[in-house]
Each structure stands twice: as structure tokens, then as C-alpha cells.
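I have placed the structure first, in the form of C-alpha cells, so that the comments after it can refer back to it.
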Amino acid sequence: MYDTIIVGAGPAGGTAAYHLAKKGRSVLILEKESLPRYKPCGGGVSPAIAQWFDFDFSPAISVKADSLRFTWNLEDPVEAKIATKEPVWMVRRDVFDHFLVQQAQKQGAELRDRTEVTGIEFKSDYWQVNTANGSVTGCYLIAADGAKGSMAKWLGFKERKRRLAGALEAEVPAVVEKKSTIHFEFGLVKNGYIWNFPKADGYSIGVGTFIGGKPQNFKKILDEYAKSFNVELTASKQYGHPLCIWDGNQKLHTQNAVLAGEAACIVDPMTAEGIRPSIFSGLLAAGAIDQALSGDINALEQYSEAINEQWGSDMAWAQKLAGAFYRFPGIGYKVGVKRPSGAQIMGKILCGELRYGDVASRALKRLIPGLGS
């Protein structure tokens, strides 16, 4: 009988495993893929996550980016160096996620990869988790199996709001001239943006839409965009995937179990940042389950409240901004991105040095008069 079984070895699962194992709890991570495994993701990580760990992430970082370049229909560029303490980290998810799990293993967590969960059963005061390789039991469960996982449904979270956005990504091997520059393009796609994140040996290029709207030909849009960097996407595998975007306060706990990471619909609705919120949820989930194991009967309920207060309150601002910006991106580009402080603010938000709540009301006031003109 484990203290905790964690389903999913992404950033949320790895973080929760690390912190629980460090507190001396017995932890089992179940992961259906074989680690390290590829995961489509731009791979931008806020350096603010370092405050939640006591080890050095350097081995898991591909490059560090300290410059942003924005374009509108591939023209009208805005370039800025971001004045933050530490640049944005660019990572490859196979390396980063596995590195995090390895840190958890060093603390005593056990990993079983290539082990798909086929079902779960609650047995009076513990969980039985059935897998293709037999069943295991644990006092508590953390569902960290991502946007496509079944755990939330199996745990009974059927009625919750799940706001899905769509994304298409490609990893393109290339000689990257400016490894320290992150690219954002706003005009070619409706209700979203295109990103191009540098890595040591290529680009992670992706497109996403965040507020719905008519279907768009993502493949064609990405092809056109990639040509502006003199790279061809035809030889690169492209991955479509859903993003579980934050959509208001939610209950994230049930009997002896919590949701974390994308299973908890925790992605930033403005930027689609998912790694930092996933790690934050894993951190809080570990704390809650540690307290529950120590006898605190309200610990899991407090986890839901803490996520809603400490992450959700800021995401409410992000949602308002995204609604205004992506509906009228031309105006947003003019009064937001092209504003001298716009890129700096964006950089500080990406690095975790600013919250949306610090800037959103002013930004919305600029956007709304812009809409009226």
C-alpha cells in the first residue's frame, strides 16, 4: 500500500512525487509511455518555478531566451529585450519531464513507466488502481494524466467545465541564428497566435486558438509561417493536441483524490502557458496530501480553494484580457504590443515576475477605448 499513487509523469506528477517523497511519503508514479517520451509543447518555462525546488534545473534547459519579437501578418515587427532577473527557459519536454521524475526517484519515489491505468476502484478507505500489468493500492490518488486522460472522468468529475482550445505543433531541426529570441505572430491566425520557440538544435513552432470561432486550416497557416524562417514543415511530424484552459473556479478534489496539471484545466487562457501552472498544482497537491496523511480531514478541500485563490484569481484577469485581445487582435497589437512597455510587461508575465492582476485593468481600459474608436 503506497501513501500516494500519481497517474502521469508530466510536470504536475513529477513535482508532486518529488515533494511527497522528500517528506518521506511512499510514492508510486504510473506512466503509460516509456520515459523519456516526446510531448508536443512549445517548451517555454518560467524561471519562477526554481523557487519551489532545491536543485539546479540547468541540465534540463535547452536554451535561455531574453528577447521577444512580435509580428502582425509577418510584418510590423516589435522587438524587445526583457528586463527580468532570469531569461525564459526553453526546454524539450522529453528531457525536462524525465529530469523532474529522476529528481523524485532520487528522493525515493518509484516509477513504473509503460504502465497504462485501465481503471480505478475505491475500497472503503484506499484506492485500487488497475493497470495492464496488475493492480496497485494507495491511500491517496493524484490524477495528473493530462488533457486527454481518463482519470478525471473515472473520479466522477463529469459535470465540470472543461474549456478546450486547439493547438498544432511541429519540431523543426534547424540552425537557429538567434537562440535567445522568442517569436510571436498575431495576424495570420484568428482568435490566437503562432509561436516559435528556439531550442539548441531547432525550433518548436506551434499555432493555437483560445476563444473558439470557426475552424481554421492550422497546417496551411503553420506552413506559411515556417517559410518566413526558411524552414520547411513538410518533413516534420506535426502534432495536434487539446489545451485545457482555466475557465473559472472548480472543485479539484474528491474522496482521497485530487486533480493536478492539465487534468485540472489549469492552462493560462491568454498565453497558453501550461508548465508553470502544472508544477504549481503539483506542489500544492503534494502539500495537501501530506497534510491529509497526517490526519487533516479538510486538506483536500483546502487544495481546491488554494488553487482557485492563488492561481484562478489571476487567471480570471487573463481570461478577460484574452477575450478582448483575441477578438480584436489588430487593435490589441496596436494599443498593447506596440506600446513601449507592452513587450516588457509580457516578458515579466512569462517570467513570473508580474501577475495579470497587476496590469490587466489598465490594459483593458486601453483596449476598450481602442475598440470604440
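Within the stretch 262-281, does at least one residue satisfy the condition of being among the hydrophobic types (A, V, I, L, M, F, W, C), within 13 Å of W246 (Cα to Cα) and in a helix (DSSP H, G or I)? Yes, the conditions are met somewhere in the stretch 262-281.
When A343 is tested against (1) modelled with pLDDT of 90 or more; (2) over 19 Å from G261 (Cβ atoms); (3) out of contact with any Asp or Glu (no Cβ under 7 Å at 6 or more places or on another chain); (4) open to solvent by less than 10 Å² (accessible area, probe 1.4 Å), exactly one condition is not met: (1). Out of V189, V175, one residue alone is without any contact (Cβ under 8 Å) to a residue 24 or more places away in the chain and part of a loop (DSSP other than H, G, I, E, B). It is V175.
Across the stretch 224-238, what is the total count of residues that are within 24 Å of N191 (Cα to Cα) and crowded, with 17+ Cβ neighbours inside 10 Å? Full working, then the answer.
The initial filter retains those residues of the stretch 224-238 that are within 24 Å of N191 (Cα to Cα), namely 224-229, 233, 238.
Subsequent filtering for residues that are crowded, with 17+ Cβ neighbours inside 10 Å retains 225-226, 233, 238.
The total comes to 4.
Is it the case, given these coordinates, that L164 is assigned to a strand (DSSP E or B), open to solvent by 20 Å² or more (accessible area, probe 1.4 Å) and among the aliphatic types (A, V, I, L, M)? Criteria met by L164. Every test in (1) open to solvent by 30 Å² or more (accessible area, probe 1.4 Å); (2) of a type outside the set (S, T, Y); (3) under 26 Å from E75 (Cα atoms) is passed by I194 save one, and that test is (1). Selection of strands (runs of 3 or more DSSP E) fully inside the stretch 1-99 by the criterion of at least 1 residues being within 30 Å of A226 (Cβ to Cβ) and of a type in the set (V, I, T) returns 63-65, 67-72, 75-81, 88-90. Residues in the stretch 13-44 that are buried (at least 20 other Cβ atoms within 10 Å of the Cβ) and over 14 Å from Q103 (Cβ atoms): 8 in all. For G146, the conditions (1) of a type outside the set (S, T, N, Q); (2) part of a loop (DSSP other than H, G, I, E, B); (3) out of contact with any Leu (no Cβ under 8 Å at 6 or more places or on another chain); (4) open to solvent by 30 Å² or more (accessible area, probe 1.4 Å) all hold with the exception of (4). Close Cβ contacts (under 6 Å, 6 or more residues apart or on different chains) running from residues in the stretch 288-300 that are part of a helix (DSSP H, G or I) to residues that are open to solvent by 50 Å² or more (accessible area, probe 1.4 Å) and at pLDDT 95 or above comprise D290/K23; A299/Q291.
Listed by first and then second residue, the pairs with beta-carbon distance under 9 Å, at least 6 apart or on different chains, first residue in the stretch 196-213 and in contact (Cβ under 8 Å) with a residue 24 or more places away in the chain and among the charged types (D, E, K, R), second open to solvent by 10 Å² or more (accessible area, probe 1.4 Å) and assigned to a strand (DSSP E or B), are K199/V63; K199/E171; D201/P173.
Conditions (1) surrounded by 21 or more Cβ atoms within 10 Å (Cβ to Cβ); (2) free of Cβ contacts under 8 Å to residues at least 24 places away in the same chain; (3) under 20 Å from the mean Cα position of the chain (by Cα), marked per residue:
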residue	(1), (2), (3)
K106	no, yes, no
L111	yes, no, no
V117	yes, no, no
E121	no, yes, no
W127	yes, no, no
A132	no, yes, no
G138	yes, no, no
I142	yes, no, yes
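Cβ-Cβ distances below 6 Å connect the following pairs, each with a first residue in the stretch 312-341 that is assigned to a loop (DSSP other than H, G, I, E, B), a second residue that is surrounded by fewer than 16 Cβ atoms within 10 Å (Cβ to Cβ), and a separation of six or more residues or different chains: F328/L371. Find the residue count for the stretch 239-267, including only residues that are of a type in the set (S, T, N, Q), surrounded by fewer than 18 Cβ atoms within 10 Å (Cβ to Cβ) and in contact with a strand residue (DSSP E or B) (Cβ under 8 Å, 6 or more places away or on another chain). Count: 1. The one condition from (1) closer than 30 Å to I307 by Cβ; (2) aliphatic (A, V, I, L, M); (3) open to solvent by 20 Å² or more (accessible area, probe 1.4 Å) that V207 does not meet is (3).
The values are calculated or read from the model by the stated rules, or taken from the named source; none is laboratory data. The shown structure was predicted, so the numbers you read here are calculated from the model rather than taken from an experiment. Cβ coordinates were reconstructed from backbone atoms using ideal geometry, including for glycine residues, and neighbour counts include every protein chain displayed. Please note that ligands, DNA and RNA were not included when accessible areas were found on the heavy atoms of the full protein model with its side chains. Shrake-Rupley method; radii C 1.70, N 1.55, O 1.52, S 1.80 Å.
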